[in-house]
1. Students often forget the sequence filter, so: which aspartates and glutamates lie under 16 Å Cα-Cα from K434 once same-chain residues fewer than 8 apart are removed?
2. Given +1 on the Cβ of Lys and Arg, -1 on the Cβ of Asp and Glu, and no further charges, what dipole in debye does region 193-299 carry about its Cα centre, rounded to the nearest 20?
3. What order, most packed first, do the peptides 237-244, 584-591, 637-644 have when packing is the mean number of other Cβ atoms within 10 Å of each residue?
4. Taking the solvent-accessible surface of protein heavy atoms with a 1.4 Å probe, what is the per residue accessible area of the chain in Å²?
5. To the nearest 0.05, what FRET efficiency results for S536 and K222 with a Förster distance of 56 Å applied to their C-beta separation?
6. Take peptides 151-164, 471-484 and line them up by average Cβ neighbours within 10 Å, highest first, as a rough protection proxy.
7. If you average the C-alpha positions of region 299-324 and of region 1-52 separately, how far apart do those two centres end up, in angstrom?
8. How far is it, in nm, from the label point at S429 to the one at H160 when both lie 7 Å from their Cα along the line to the Cβ?
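The values are calculated or read from the model by the stated rules, or taken from the named source; none is laboratory data. Please read all numbers here as calculations on a predicted model, not as lab measurements. FYI the Cβ positions are ideal-geometry reconstructions off the backbone, even for glycines, and counts take in every protein chain you see. What goes into the accessible areas is simple: the full protein's heavy atoms, side chains included, and nothing from ligands, DNA or RNA. Shrake-Rupley method; radii C 1.70, N 1.55, O 1.52, S 1.80 Å.
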Amino acid sequence: MILIVTESTQTALVISRALNATDETAPSTYAGANEAVIAIEPGFIAPKPLGETLHNSPFKEALPLIPKKYAFGVRTVDTDGHREVSAADRAEDERLRTLFDAADEVVFASDGGADAQARFHNICQHYNVGVPTSRVWLTRLEYMAVRKAYRSRAKGRHLHDLAQSGLVAMAMDALFEYNMEQAFASAYGKGAFPLHRQDVIALDFINKSLKQVASFERGAPKHTVSVTAEICGHSVNMSPVDVWEDKAVCEEIFSAIRINEDAPVTYTELIPHVERASELYVLATLQADACEKLHFSPSKTLALATSLYERGLISSPLTSDSRLPESLRRPIVRRYPSAKEFVFSKLSDTKTHGIITTERNPVMIPADEAALRQMIIENQEKAFAAPRRYAELVVCTEVNGIDYAGSCEVDADLTLPDDGVVLKLTGKSTSTFKAAQPGPLKYSDVSLLLAACQYALRSMLQPVTPFNLAEDEYGTVVERLVENGYISVFFDEVRLTEKGRLLLLHFKDSNIVTMLNRFKFEAGDLYEGDDTTGKSVMRAFENWLYTEVSRLLADPKLSAKRQTSHTCPRCKKAQMTAYNKTVRCEGCGYALPRYVNGLELSDKHLEQLVVHGYTSPIYGFIGRKGHKFTEALVLDSNFGVTFAPKSAKIY
């Protein structure tokens, strides 16, 4: 039996009908002669929150928290102050395990990227899958497209590499969110500064954009002298290559120009242009247009587009590539004859592409979904319309020793005579101008600008990977910044709030944005399958985050400090300073946590660690199941705090 795993009930239903496996044996479970299709929602098998990995408490004092292992399993719910798997989820887990045990091959069917592949990897690990696995890339949920994708399902090492990329990103997200929230909670209270990796990148981008607008200086007025000329029966406006600050100079130049006379042509060129009215939508442009035209929030647009996709009415919205594969030429040209001139690309069928509607007719869909679908239809009609073809005639001349250049639009079939062209001056004018003041940063544009900037940066540093919703979608990131109070929106104008300024103030002396982008791209590089491993990327991120969180905990804006008389055990030079959550060296930045496994270390214990490298036995550490135990602490070879090895114990 081939077991096909999806992440939504509607997707499972479509696949079951496409593959003729329509016997519903259980909710969201369909069986056929050779295939079985099931739906496992994304949060069913999920990473354990870091608060649960350490003695079953959601809020810890131990910071920075760097776990030795990132655990995952069936989701848990809060029951009488502690978290456990519900009876319904436990029964569902056993039922699914039976299906996985009986499978000869496990297939993952999704339109997601590294994040989705990572979730499938965790599912396979949880159910101890030992049979071959493969991937069906669902760019469209039409029966024919599903069957074709199923027949050409992908296998190989690259899927493992894609999953590793997603797992690393998932672990970095959990580690960053937990440590940052707890670090700020020590000064401002629990939940005061919820923060994601993408939030910091987006907030920094918005802050720099607003500063650029605020610091813009128009400068002194400039003066110029322009001329109009006639060439090949076309009028062209020409401007000098220089401008002048002295208006009197311009007046002299203006007076010296004689019109209705020929001027020498120093350069000509015909540049052909093919101009389309519109590009196909990608998720970022779809969200921007829906915000401006339909007044939909980015999260609402994503939800509506996902629903339309699962109904089989549009292609997958999870895309940053507006191109279309060659395999879609015939059905597109059949629907839009003018699309014969559309440029189709040699993309693999597994690649995401521009958002288009399918040939399926909608039946009784909500008004908001219908409005979004109509907007997509209007956009693709413009994209598939016959392009406008023309040529740009570029011409340069010299008038009284001053170089002029200009261009005009001409017919696409225009040819220049072999014996040269004649340029006749027909008019002249002077003008005074200042640099244009940039407009305010608009909410409907900011996510699109941010996504374009990140996409361009990523394209320069690494091959384009399948669209990763957790990493590549910035519409909901900007929306989250508004919800958490970091930015405000007033008449579509984005402004930084005092809370946002305060957060950025804490990162003023840090290179946090540079480092977050670096690790983000390193996680994406894992898809290349080079010598870099997910473990090495995570170790580097953990080391950086440990230093960054330790710096925050030692920030006098967040924590009071007290000088100690102890010398740093690592650099042997600077003195150690005690803060609320850590004891830190002011010289090399080395830090010791004040909390270990739920226990606050006393000044005596910290002194023993700094001076001797070990402590006496301490009672009060809390284990995974909540029980207290006695143990001694030692500094390991890397000066990290750990429990004493059994061979060294004398108690």
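1. Within reach: E217, D242, E245, D246.
2. 560 debye
3. Numbers: 237-244: 14.6, 584-591: 18.4, 637-644: 12.2.
The densest-packed peptide leads the list: 584-591, 237-244, 637-644.
4. Numbers: 31530 Å² over 651 residues.
So the chain comes to 48 Å² accessible per residue, rounded to a whole number.
5. Numbers: r = 54 Å, r/R0 = 0.97.
Once the sixth-power term is evaluated, E becomes 0.55.
6. Details: 151-164: 16.1, 471-484: 21.3.
Most protected by this proxy first, the peptides run 471-484, 151-164.
7. Computed from Cα coordinates, the inter-centre distance equals 20 Å.
8. My value for the distance between the label points is 6.9 nm.
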